[in-house]
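The structure appears right after this line, and notes come after that.
Values quoted throughout were computed directly from the atomic coordinates according to the rules given, and no laboratory measurement underlies them. This structure is a prediction, so every number in the text was calculated from the model and none was measured. When we count neighbours, we look across all protein chains shown, and the Cβ atoms used for this are built from the backbone with ideal geometry, even at glycine.
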Amino acid sequence: MVHFLQKRTDNKPFMKEAIVLLNMGGPNNLGEVEMFLHNMFNDPYIIRTKSSLLRRLIAGIITISRTEKSQEIYRQIGGKSPLVDLTKQLVTRVQETVGDETIVDFVMRYTPPMAKEVCQRLKEEGVEKVYLIPLYPQYSSTTTQSSLDDFEQTAHKIGWDVISVEVKHFFSNPTYNQCLIERIKESLGEDSAESFELIFSAHGLPQNIVDQGDPYQRQVIAHVELVKAMLHESHLNFSAIHLAYQSKVGPMKWLEPSLESTLRDLQTKRVIIVPIAFTVDNSETDFELSIEYAEVAHELGYEVYRVCRCPNDHPLFVQTITELYAKMK
């Protein structure tokens, strides 16, 4: 059965459409921490082994060993990840902007609302075309491709013959980068940029994934260069600007330099951290950057240590999403 919103003036029907924002997800409560870890480490894009049995074994070991520690992290930031609630706010703002003719929804990769629930709901509402916008500025198989595949495979499994249009990345979007500039200005306040060093902190990735052809590192570097140029045009001349990587897990080699080593090497003990790879605040920004690395900075004698907020539901990020949607139509 075909569902339509309305008729155009030429009597041709409109397809019923939806914008779907995709993100990693985060526990909505302490009870979901185990689910989050289980689902993440069972993702074949995260644990890259040909044997699904071995992947399940590895995922089980990691989940058991990390659940309690991870729950303590979430306790320190309010008992849950801020990501889902902030994404709901973003969805509301985008819905207000695009109007009621297009549904705006979101899917989380590892915690509710997950693809099966959202796909079923959109199918029942008669949606025939979806615009998939992963909320990762730079493309990686571990994030962007995992989320896109999850949504599209789920749609196929439930028999939803939907047309999908995808965004792979948006780090070069000028509106998005202006949003980052505004967040940097907020952190700077009335202080002079010249008195601070700026670190763009990106989520790390195992070096072997990059060596297999994942473009994430190249796009992060290109993204930093774009924002640096905009900072210069805005007369925000920091004493130095750096790129570093956070969130290393396990013994294997990850992208370098690490954020901790960069903090140790800085001469100016006044720094602003920009989470360049995240669009919505989560445990990596609210705990890892704002608590763990703040403690490292304090031990290293930093006079000032600040972390920029992610774009979240900033009007310029809402505008970015509507621009991406308009470009896909």
Quiz prompt | Gain upon complete extension [Leu300, Glu190; 0.36 nm per residue less C-alpha separation] | solution = 37.1 nm
Quiz prompt | DSSP bridge pairs, region 198-305: antiparallel proportion in percent, nearest 5 | solution = 5 percent
Quiz item: What ranking do 78-86, 94-102 get when scored by the average of other Cβ atoms within 10 Å per residue, highest first?
Solution: 78-86, 94-102
Exercise. Assuming 1.567 mPa s and 4 °C, estimate D for the chain with Stokes-Einstein, Rh taken as the Kirkwood radius over Cα pairs, in µm²/s.
Key: 62 µm²/s
Exercise. For region 44-113 and region 214-255, write down the distance between their C-alpha centroids in whole Å.
Key: 24 Å
Self-check item: Estimated FRET transfer efficiency when R0 is 30 angstrom, pair Ser261-Ile64 (beta carbons, to 0.05)
Solution: 0.45
Quiz item: For a paramagnetic label modelled at 7 Å from the Cα of Met15 toward its Cβ, which residues of region 63-103 fall within the zone defined by backbone nitrogen distances under 15 Å?
Solution: 102-103
Quiz prompt | Fewest-first sequence of Val210, Val307 by Cβ atoms within 10 Å of each Cβ | solution = Val210, Val307
Exercise. Would you please name the GluC sites (Glu not before Pro) within region 134-202 that are DSSP coil residues with at most 13 other C-beta atoms within 10 Å of their C-beta?
Key: Glu190
Exercise. Send over the per residue convex hull volume for region 226-329, Cα only, as a whole number of Å³.
Key: 145 Å³
Quiz prompt | Share, in percent, of DSSP beta bridges within region 1-146 that are antiparallel, nearest 5 | solution = 15 percent
Practice problem: Please give the contour-minus-distance gain from Glu72 to Ile163: 0.36 nm per residue of separation, less the Cα-Cα distance, rounded to one decimal in nm. | Solution: 28.6 nm
Self-check item: Share of Cα-Cα pairs in region 20-109 lying beyond 23 Å, as whole percent
Solution: 39 percent
Quiz item: Do any GluC sites (Glu not before Pro) in region 238-329 lie in a loop, going by DSSP, with at most 13 other beta-carbon atoms within 10 Å of their beta carbon, and if so which?
Solution: Glu303
Quiz prompt | Estimated distance in nm for a label pair at Thr49 and Asp149, the labels positioned 7 Å out from Cα along Cα-to-Cβ | solution = 1.7 nm
Practice problem: Extending each Cα 7 Å along its Cβ direction at Glu323 and Glu96, get the distance between those two points in nm, one decimal. | Solution: 2.0 nm
Quiz item: In the structure displayed, which of Lys88/Lys157; Lys116/Lys157; Lys228/Lys248 lie more than 18 Å apart, Cα to Cα?
Solution: Lys88/Lys157; Lys228/Lys248
Quiz item: So what's the back-of-envelope 222 nm ellipticity for the chain, counting only DSSP H runs of four-plus at -39500 (n - 2.57) apiece and dividing by all residues, rounded to 500?
Solution: -13000 deg cm²/dmol
